[in-house]
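Before any comments, here is the structure.
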Amino acid sequence: MNNEDKNVELPENYAELKKAAGRSADWRARLEAVEELGKYPHRQVIDILKRLAESDPVYTVQAAAYRKLEAFGEAVAAPSKDKPELFKGVSKILLRIKKSLPREHTYEEFKEKLKKMRIDVYDAYEGDKGADFDKWLESKWSSVK
């Protein structure tokens, strides 16, 4: 970061953007926050973007934060799209939800219960899988015993 960047002011809605960047149950809000924060090469913004680039569960958010940091001239490692599991023990989480439903429940009931009980898991995988989310979740639902 060069000296002229240090004089950049934070956006007026910085507190709101910082909060949005930390919303674990809304990858779209985090992505929007990255896009907006990415206009301000301020140290506090860079810290938020680094955290998201390194540890956000959704690759789309990681990649956007990485691109903004790169544009600021920050040396950061590119995020990897290949992650074994976004949440440790996701199979156990899904099993618990499946067992909490009546034996003859539908996939849609399972999906709704997951969304209500673990919006963080639902949201992260929805963001990560994109158009393949339902296909992925339905296969998990079918295979969880």
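The values are calculated or read from the model by the stated rules, or taken from the named source; none is laboratory data. Everything quoted here is computed from the prediction, not taken from an experiment. In this analysis, Cβ positions are derived from the backbone assuming ideal geometry, glycine residues included, and neighbour counts consider all displayed protein chains. For the accessible areas, the whole protein counts, side chains as well, though only heavy atoms, and no ligand, DNA or RNA atoms are used. Shrake-Rupley method; radii C 1.70, N 1.55, O 1.52, S 1.80 Å.
Starting from the Kirkwood radius over alpha-carbon pairs of the chain, derive D by Stokes-Einstein at 20 °C in a medium of 1.002 mPa s and give it in µm² s⁻¹. Answer, rounded: 129 µm²/s. Maximal additional length on extending the Ala25-Trp136 stretch stands at 38.1 nm, based on 0.36 nm per residue less the C-alpha distance. Packing here is the average count of other Cβ atoms within 10 Å per residue, and on that basis the peptides 41-47, 10-16, highest first, run 41-47, 10-16. Dimensions of segment 13-72 from C-alpha coordinates, computed as largest minus smallest value along each principal axis and given longest first, are 26, 23, 14 Å.
Ranked by the mean number of other Cβ atoms within 10 Å of their residues, highest first, the peptides 121-130, 29-38 come out as 29-38, 121-130. Between Lys113 and Ile93, the distance separating the two model label sites (each 7 Å from Cα on the Cα→Cβ line) works out to 1.6 nm. With axes computed from alpha carbons, what is the tilt in degrees of helix 90-99 against the longest principal axis of the chain, rounded to the nearest 10 within 0 to 90? Roughly 40 degrees, rounded to the nearest 10.
What the phi angles of segment 12-25 give under the Karplus curve with 6.51, -1.76 and 1.60, with θ = phi - 60°, is a coupling list of 4, 9, 4, 4, 5, 5, 4, 5, 4, 5, x, 6, 5, 9 Hz, glycine and proline written as x.
Surface composition of segment 2-145: carbon plus sulfur atoms contribute 48% of the solvent-accessible area (1.4 Å probe, protein chains only, all chains present).
Measuring between alpha carbons in the structure, the pairs from Lys83/Lys115; Lys81/Lys111; Lys18/Lys113; Lys68/Lys92; Lys68/Lys145; Lys81/Lys116 lying more than 32 angstrom apart are Lys68/Lys92; Lys68/Lys145. With the simple spin-label model, which puts each label point 7 Å out from Cα in the Cβ direction, the Ala77 to Thr106 separation comes to 4.5 nm. When you count the other C-beta atoms within 10 angstrom of each residue and take the mean per peptide, 71-78, 82-89 line up highest first as 71-78, 82-89. Mean separation of Cα pairs under 8 Å and 6 or more residues apart, divided by the residue count, gives segment 13-72 a relative contact order of 31 percent. Using the Cβ-Cβ distance between Arg51 and Ser143 with R0 set to 25 Å, the FRET efficiency works out to roughly 0.15.
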